[in-house]
Amino acid sequence: MPFADLHCHPAFWSFNKIRNSDLDAPGNPENHIWNIVVDKKKQKLMKKGARAIYSQSDFSSLTRGEVRLVFAALYSMEKGFFMGNREKGYNAEVVDGVLNQLLLNWPRFLRKIVGFVLRPFNRPLSKILNNEGWARDLVQKWIMSFSTKRINHFQDPGYNYFNELILEHDFYRTFENASPVPPAVGTTKKYQLIKNNAHLGKVIAETDDIAVVFSLEGFHSLALETDPASPDYLKLADEATILQRIKKTKEEWNVFFITFSHHFSNHLAGHAHSLPKLLMEIADPKPLMNEGFLEPGEKYIRKLLSITDKNEPDPSAGRRILIDVKHFSALSRSHYYNRIVLPYNASHPENPIPVIASHCGYYGQTEKGIKIELAHLIAEMKNEEDDSFANGFYQWNINLCDEDIRVIVESGGLIGLSFDQRIMGEKNVKDTSLKYWMNTVSRCIIAMVSSSIANVTTNPERIWKTLCLGTDFDGLIDPLNAFSTAEQFNAFKAELLRFLSIIKESNGNYLFLNNNPYNPDKVVEMICFENAYNFTLTHFK
């Protein structure tokens, strides 16, 4: 059975390894998309499911995992990761951040006591980490496995998001339809960059190639330019430039959907709190974090969707690029649903805007089991801590609540299941068993299905048509230990079928798994491939 992944970065490691290096020259025999070396150290990390500084979704891994459809997220690294926190300066609370990374399973009060004792180390650690000097570079190199030259490139005032995006796009384009070369394994499949739904159907039906559909992670790549005088080193490009770049992504690059927000401010719409305490201290994602739409942001979203400010179709804007609500703050999601999606879909049920949430988990419920609306997430955003886990769910507003699930199901959208430990409700777990990690994923799946049953009034079983894989492989995640690369997809499929077959015996009717209308075998096929494939056939025009 084939697989599809709604969100990953297949060229992340080859592209970032080659850029700003001696290999970065046309004609160099090592300058290619298959240049992925997995040494013994990285093999050990893969087996442990450790922080993924190894390739998870390169084309050899996708081939071995029987992936036929992959949504490759183009992404320009955000400067905020590399520039320090100007506001915090040498007063960053680095110790507390480090303790959260190392001792997150300890009770919060114990970490607070240790943090108080070690507080004198905050200032010297801030001097080392909270800047853009050589010591910070060494730490970034260790954490992210980038070369010093690459890190310096991101810090340079000349670093341009859109130019970097062009280079990554062209990197994919250069090797399309080419025969893979070593170190790719001999069985590695060729890939094709998909233009539209007809092209996708032809590639899947008539070839053995991997179908690559482009998405874009972060509108910052189209909207922002470097400004060293700005607090975040960035400024909005002029409107004509942004509109021209949108046109390029529609007409030349065939981008299917855009994750509008990401970890740092795009100066247009609020992003959800996404980074742990340590990065909150030595980077500065706070501007626009947890806030809502700004007026220009809504305008550009409408341009991407090809609709007017009156929620009418706008043929002059070209084909539609869908919006991915992952990384939107809860307030931005509320604005998006209530100002755009719900009124437009009410007026145009023949061609609705489907909501995509490409690599997500479930927020959970209150202690009393009461359904959670976005208003609850908005009220609780200020209380989010690194250890905000409850009943097996990660309760940050980056995750989906019951209102999100209702809107996504009713719009005919997609929910990609993240393979990131934290997003899926786990914290620093070392267990590597298939059973443990399938329980983690299944807990999220069953909760989302139950949410739809409780909150979607018409055909709540449609939730099974929205669920798919959205791993975030090669997004620098802490993966589910047993499913740390695309090569484990077949093991994932077998475990998912085992779990659903067991739960069918006790809750089959309630969960629509007792041939009413689905069964475990069918649901596994839908989650692993069919839902993402059929959705793309319907909407990628």
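Things worth noting here:
- When Glu168, Glu176 are checked against the criterion of being in contact with a Leu (Cβ under 7 Å, 6 or more places away or on another chain), surrounded by 13 or more Cβ atoms within 10 Å (Cβ to Cβ) and farther than 26 Å from Asp478 by Cβ, Glu176 stands alone in meeting it.
- Any hit, the range 295-314, residues being touching a Gly at 6+ places or on another chain (Cβ under 8 Å) and either surrounded by fewer than 22 Cβ atoms within 10 Å (Cβ to Cβ) or modelled with pLDDT under 95 (or both): yes
- Residue in the range 241-249 that is outside any strand (DSSP E or B), in contact with a strand residue (DSSP E or B) (Cβ under 7 Å, 6 or more places away or on another chain) and either among the small types (Gly, Ala, Ser) or touching a residue at least 12 places away in the same chain (Cβ under 8 Å) (or both) present: yes
- Subset of the range 214-240 that is touching a strand residue (DSSP E or B) at 6+ places or on another chain (Cβ under 7 Å) and among the hydroxyl-bearing types (Ser, Thr, Tyr) - its residue that is surrounded by the fewest Cβ atoms within 10 Å (Cβ to Cβ): Thr226
- Considering the range 284-312, the residues that are in contact with a Leu (Cβ under 7 Å, 6 or more places away or on another chain), assigned to a loop (DSSP other than H, G, I, E, B) and not acidic (Asp, Glu) include one that is nearest to Pro124 (Cα to Cα), namely Pro285.
- The residues listed here are Ile463, Ile446, Ile527; of these, the one that is at pLDDT 95 or above, within 19 Å of Val409 (Cβ to Cβ) and under 19 Å from the mean Cα position of the chain (by Cα) is Ile527.
- Residues in the range 407-441 that are surrounded by fewer than 22 Cβ atoms within 10 Å (Cβ to Cβ) and within 13 Å of Arg333 (Cβ to Cβ): Ser411 only.
- Residue within the range 448-467 that is more than 30 Å from Glu350 (Cβ to Cβ) and surrounded by 22 or more Cβ atoms within 10 Å (Cβ to Cβ) present: no
- Taken over the range 308-329, the criterion of being under 29 Å from His273 (Cβ atoms) and either in contact with a helix residue (DSSP H, G or I) (Cβ under 7 Å, 6 or more places away or on another chain) or without any contact (Cβ under 8 Å) to a residue 60 or more places away in the chain (or both) is satisfied by Ile321, Leu322, Ile323, Val325, Phe328.
- For the range 134-153, filtered to residues that are closer than 13 Å to Ile18 by Cα and basic (Lys, Arg), the residue that is surrounded by the fewest Cβ atoms within 10 Å (Cβ to Cβ) is Lys149.
- There is no residue in the range 356-372 that is buried (at least 22 other Cβ atoms within 10 Å of the Cβ), in the same structural domain as Gly218 (by TED's automatic domain parsing) and assigned to a helix (DSSP H, G or I).
Yes/no per residue for (1) part of a helix (DSSP H, G or I); (2) surrounded by 16 or more Cβ atoms within 10 Å (Cβ to Cβ):
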{"site": "Tyr172", "(1), (2)": "yes, yes"}
{"site": "Val203", "(1), (2)": "yes, yes"}
{"site": "Asp208", "(1), (2)": "no, no"}
{"site": "Val212", "(1), (2)": "no, yes"}
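- The range 263-279 residues that are within 19 Å of Arg136 (Cα to Cα) and outside any loop (DSSP other than H, G, I, E, B), paired with ones that are modelled with pLDDT under 95 and among the small types (Gly, Ala, Ser) (beta carbon under 6 Å, 6 or more apart): Lys277/Gly97; Leu278/Gly97
The values are calculated or read from the model by the stated rules, or taken from the named source; none is laboratory data. Remember, it's a predicted structure, so these values are computed and weren't measured experimentally. Ideal geometry is used to build each Cβ from the backbone, glycine not excepted, and the neighbour counts take in all protein chains shown.
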